[in-house]
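The values are calculated or read from the model by the stated rules, or taken from the named source; none is laboratory data. Small disclaimer: the values here were computed from a predicted structure and weren't measured. Don't worry about glycine lacking a Cβ; one is built from the backbone with ideal geometry, like all the others, and counts go over all protein chains shown.
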Amino acid sequence: MLVALIYLYFQAGKSFEILAFHQIAKISLTVQILLFVAFFLSFAVKVPMWPVHTWLPDAHVEARPAAPWCWPRSR
């Protein structure tokens, strides 16, 4: 995602303003596909999607509840 954002940053004239993104010159289809793949893979890793996070159900079953760690100690 970082590479895709850096590319868009330089294409928009070193700005993250919405209007600057709107005024970007036509990006080629190849670059659009590469940007889509970069964003898709980065979000697929961040969001627990099936092929990337097959370990997640096992981790949730074996995890201890975190509530006792958050309770304040009263004496």
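F36 - would you say it is surrounded by 10 or more Cβ atoms within 10 Å (Cβ to Cβ), at pLDDT below 85 and among the aromatic types (F, W, Y)?
no
Which one of H53, H60 is assigned to a loop (DSSP other than H, G, I, E, B) and either at pLDDT below 80 or of a type in the set (F, W, Y) (or both)? Please lay out each step first, then the result.
Details: H60 fails: assigned to a loop (DSSP other than H, G, I, E, B).
After ruling out the rest, the residue left standing is H53.
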From the list I18, I24, pick out the single residue that is among the aliphatic types (A, V, I, L, M) and surrounded by 11 or more Cβ atoms within 10 Å (Cβ to Cβ). I24
Select from segment 1-16 the residues that are within 26 Å of V47 (Cα to Cα) and either acidic (D, E) or part of a loop (DSSP other than H, G, I, E, B) (or both) and write down the one among them that is modelled with the highest pLDDT. M1
Taking only pairs six or more apart or across chains, which ones have beta-carbon atoms under 8 Å, a first residue in segment 1-15 that is over 17 Å from T30 (Cα atoms), and a second residue that is among the β-branched types (V, I, T) and surrounded by 11 or more Cβ atoms within 10 Å (Cβ to Cβ)? A12/I24
